[in-house]
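Here the structure is laid out as structure tokens; the discussion comes afterwards.
The values are calculated or read from the model by the stated rules, or taken from the named source; none is laboratory data. What you see is a predicted model, and the numbers here were worked out from it, not measured in a lab. Counting neighbours? That spans all protein chains shown, and the Cβs are built from the backbone with ideal geometry, glycine included.
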Amino acid sequence: MAFAFNDFHIFFHYFCNSQPSTRNSKMIFTDTHTHLYSSQFQDDRKETIQRAIDAGVSRFFIPSIDSTYTQKMYDLEALFPENIFLMMGLHPCYVKENYLEELAHVEAEFARRKFYAVGEIGVDLFWDKTFLKEQQFAFQQQIQLAKKQGLAINIHCRDAFDETFEVLEGEKSNDLFGIFHCFTGDFSQAERAISLGLKLGIGGVATFKNGKIDQFLKDIDLKHIVLETDSPYLAPNPHRGKRNESSYTVLVAQKLAEVYNLPIEEIARITTENSKDIFGI
């Protein structure tokens, strides 16, 4: 990836140990989807989060997976309470025989405390289609929970666009809103998601040569875009294949700055404002 001098100057301050410039310190990036409780960060979790904060990524939205991760999320929140914002939901890959118990856990946690979205929820048919009906049921139930709570949804969809949209169309309403996390669809699917009140979560895939998303992103108004990493997965170039981390949100922002021909400061400002519209904070 070719950088102009100013872009190199920004990255020097972000990723080296020097003090950030006054110009850069004003930028606030938001990682709208990061699994910072992952065991892949067990040896350097605090350092990883601090590295992101030093890079200007100071807002981290944390999706839930299932009940076995709940305490890990709370422990993470305790480390950086001013920067960590939790979601609660049942990930579609974890919809198994006990899915009703897991859904009950989600509702019980909402009765106990505040969350900023219901997620991540959706349909995933990449590995197995055995629990498709149960995934769709859990997805629908959690959308209805989000509406009841007045919250956004955070959608996980893999190899299941038709099945995901089937549920979303059935729940289409003015109080349906959220993020289509790690969006990897085509332009028509992007337009369909936006028409349903969803913003597109754009991460490392946008920097891949075969990612294809960058080919039509410029035709989508930036008001519909939020940044994410999905760390520790899907690291952007030049780190593809390695552990992803929230500081790499800046690399995604740099790619969008190129796509939209805007200063990275504008990408940071607009996408963070978009995240505030979704999460209410």
Margin query: Can you find a residue that is in a helix (DSSP H, G or I) and either at pLDDT 95 or above or surrounded by fewer than 14 Cβ atoms within 10 Å (Cβ to Cβ) (or both) anywhere in the stretch 113-131?
Written below: no
Check: When Gln135 is evaluated against the numbered criteria (1) among the polar types (S, T, N, Q); (2) without any contact (Cβ under 8 Å) to a residue 24 or more places away in the chain; (3) part of a helix (DSSP H, G or I), which criterion, by number, is the only one it fails?
Finding: (2)
Next item on the list: Test each condition in (1) surrounded by fewer than 23 Cβ atoms within 10 Å (Cβ to Cβ); (2) aromatic (Phe, Trp, Tyr); (3) in contact with a strand residue (DSSP E or B) (Cβ under 8 Å, 6 or more places away or on another chain) for Tyr69 and report the one that comes out false.
Entry: (3)
Check: Can you tell me which of Phe183, Phe126 is touching a Lys or Arg at 6+ places or on another chain (Cβ under 8 Å) and touching a residue at least 24 places away in the same chain (Cβ under 8 Å)?
Finding: Phe126
Notebook entry, point to check: From Ser195, Ser173, which residue is under 21 Å from the mean Cα position of the chain (by Cα) and either basic (Lys, Arg) or loosely packed, with under 15 Cβ neighbours inside 10 Å (or both)?
Noted result: Ser195
Check: From the set of residues in the stretch 229-281 that are among the basic types (Lys, Arg) and assigned to a loop (DSSP other than H, G, I, E, B), which is nearest to Val57 (Cα to Cα)?
Finding: Arg243
Note to self: Of the residues Ile155, Ile220, Ile225, only one is touching a residue at least 40 places away in the same chain (Cβ under 8 Å) and closer than 24 Å to Ile28 by Cβ; which?
What the structure shows: Ile225
Notebook entry, point to check: Does the stretch 199-215 contain at least one residue that is under 20 Å from Ile53 (Cα atoms), charged (D, E, K, R), in a loop (DSSP other than H, G, I, E, B) and over 13 Å from the mean Cα position of the chain (by Cα)?
Noted result: no
Next item on the list: For Phe180, work out the one condition from (1) surrounded by 17 or more Cβ atoms within 10 Å (Cβ to Cβ); (2) among the aromatic types (Phe, Trp, Tyr); (3) under 29 Å from Gly241 (Cα atoms); (4) out of contact with any helix residue (DSSP H, G or I) (no Cβ under 6 Å at 6 or more places or on another chain) it doesn't fulfil.
Entry: (4)
